[in-house]
Structure formats: structure tokens, C-alpha cells
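The structure appears below as C-alpha cells.
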Amino acid sequence: MNTQIPSSGPLMDIHAILENLPHRYPFLLVDRVLSLEPGKQIVALKNVTINEPFFPGHYPHHPVMPGVLIIEAMAQTAALLSFQSMENKLDEKSVYYFAGIDGARFKRPVSPGDQLIIRAELIRSMRGVYKFKAKAEVDGQLVAEAELMCTVKTVD
């Protein structure tokens, strides 16, 4: 995975992200997409602020972003890559689900004021199941990594 952060403006701003992800506050965890190669890789950004709804309870004396939310931010980033790579666009009857998480590792805490850079690389896509290698960094230091599997299902 490329470790360079693109220097140009965002490829997808928050308005484009809202058009592509079903998530909304307080569960939308991607603020911008910095680079995107459909079918290959994506780099996104999450600004972590003290105003996040989870910080008062995790932990009041030493606020830390929950690891499961870092994984969720990586999954939302991977979903954006999937949606931009699909031939058929999703509709309101399509739901994107986790199918598996392997090798999740957390290397250091994420705190208010940090800028999370999230990278996801598509490893495999077969019959509606996508597998990604994802990682999150702050200031160039790895904070979390995992392999994610996601699938698209139609709901009634």
C-alpha cells in the first residue's frame, strides 16, 4: 500500500460521501476521500475531535477512540471503494454488511485532535464478497490494521 498522502484537495468531500454511504451522524466516520483508484485502493481521512459522542464515556479522564470504531471507519472507507468499483450502483434495498474481520491489531491509542488516515486495498472480489487489507495511521504511525470481508445483500 502506498504510504504517500495526496497533496491535492479531497477527491470526495462530505457531500459526496453522504451520497455514497448510508451512515449518518453519529455513525459516519469518514470526513473525506483523499485518493481513490476504483478496484484497487482508497485513502480517506477522519478528523477526531473532542466533540465525538463516545469520548465522555471512553474515558472521561483520558479520552481514547474505541478500537471497534477505528475498525468501523476502515470498513466505511472500504465500502466507499467497493461502491466506486461496482458496475451496478446500490439502491435503498441494498445493505453492505461485515462478513469477517481477520488479524485486527491495535498499535497505539487515537485521541482527540488526531487525524486518522485510513487506507484500504481491495485484495479480492468474488460473487458480491469483497476482501480488503486496511490500516489506519496518525502522523504516519500505524494505529490499527485488519483484513475486512464485506458483502452486499438485498433486503425487502
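Where a number appears in this text, it was derived from the coordinates with a stated rule and is not lab data. Computed from a predicted model, the values in this text were never measured in an experiment. A quick note on method: Cβ atoms are made from the backbone with ideal geometry, for glycine too, and the neighbour counts reach across all protein chains shown.
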Neighbour-count order for Leu116, Leu142, Leu21, fewest beta carbons within 10 angstrom listed first: Leu142, Leu21, Leu116
Rounded tilt (10° steps) of 67-85 against the dominant C-alpha axis of the chain: 30 degrees
Which of Arg127, Arg32 has the fewest Cβ neighbours within 10 Å, and the rest in rising order: Arg127, Arg32
Burial ordering of Met12, Met74, Met149, fewest other beta-carbon atoms within 10 Å first: Met149, Met12, Met74
Summed residue charge, Cβ within 13 Å of Asp102's Cβ, Lys/Arg positive, Asp/Glu negative: +2
Ratio of Rg to Rh over the chain (Cα coordinates, Kirkwood Rh, two decimals): 0.95
Cα centre as origin, Lys/Arg/Asp/Glu Cβ charges: the chain dipole, Debye: 360 debye
Neighbourhood net charge (12 Å Cβ-Cβ; Lys/Arg +1, Asp/Glu -1) for Asp156: +1
Cβ-placed point charges (K, R +1; D, E -1), dipole of segment 75-156 about Cα centre in debye, nearest 20: 240 debye
Point-to-point label distance, Val95-Met126, nm (Cα→Cβ direction, 7 Å offset): 2.6 nm
FRET efficiency, 1/(1 + (r/R0)^6) with R0 30 Å, evaluated for Ala104 and Ala16 via beta carbons: 0.60
Nitroxide proxy distance, nm - points 7 Å out along Cα→Cβ at Asp139 and Tyr59: 2.1 nm
